[in-house]
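Since every read-out is calculated from the coordinates, none of them should be taken as a lab result. Just so it is clear, the structure is predicted and the values come from calculations on it, not from any experiment. With ideal geometry, Cβ positions are generated from the backbone for all residues, glycine too; neighbour counts draw on all protein chains shown.
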Amino acid sequence: MSAAPATTDTHSAPAASARGLSKIYGSGDTAVVALNEVDLDINASEFTAIMGPSGSGKSTLMHCLAGLDSASSGSVTVGDVELTALKEKKLTALRRDKIGFVFQAFNLVPTLTAEENILLPLDIAGRKVDREWFDLVVDTVGLRSRLGHRPSELSGGQQQRVACARALVSKPEVVFADEPTGNLDSTSSAEVLRFLRTSVDEYHQTIVMVTHDPVAASHCDRVLILRDGEVAGELWHPSREQILEAMMAQTEDTL
Ligand code: ADP
């Protein structure tokens, strides 16, 4: 593991990056430093996991990178746009056009069918559906026969695959997945992770996933480990065992 800044010297531009990113909640005696001057590049067409003990800043980092939360200082860039320089209206448009989200609780609209849920973000944005791409995404997630079903008629794993398809159908610059397998059994988790992996390998999607699960993280190209609001280390193509070892080391250090 290295504790050097998690920036990489690759030839292609990063899909997202943070420079000197700090987030402080509250002020004075009660101030909490959730992120402490984080420097980070998220490489394009890679599957990156963010791990770390509870309270280490995973959610805050993801929310700042995705433009869901504002930075206290420093900058965040997605593609070639600096989010931290945008006003709320432009930020909302950027989130809609350039970022896909997958949440632990699926967040599907219960009254809409799977197909309607997948197409909802494009409908809201008034964007035309690329039918060929829609078909490819639907077939890759294995939902062809379920398109007319409502969420209540689908298993948890199927619902999360609908949510993944919804995130991918607009071809976002980055998909942020917040504990996407947290509510799933191991078989459904494996299906969702396989799909996320395929979307990186075959469609060059960039994915950032917050997870507690070493098995989920072992599907990733790179695992960033946070501690106390800083990137404490990173692993490349790690096994489940290597991830467990790194997590144990972080926990032991804090005991
Ligand atoms: P993780 O996702 O790794 O559990 P978080 O990003 O949620 O960590 O939290 C990082 C730190 O920031 C924690 O100490 C947490 O208590 C604090 N924190 C997070 N959100 C808020 C908030 N809205 N107000 C105050 N403190 C917060």
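Modelled spin-label separation between residue 45 and residue 197, with each label point placed 7 Å from Cα along the Cα-to-Cβ direction: 1.9 nm. Normalised by the number of residues in the chain, the average gap of Cα pairs under 8 Å and 6 or more apart makes the relative contact order 27 percent. Across the cross-link table entries 23/171; 58/90; 23/87; 128/171; 23/58, which are compared at the Cα atoms, the separations over 21 Å belong to 23/171; 58/90.
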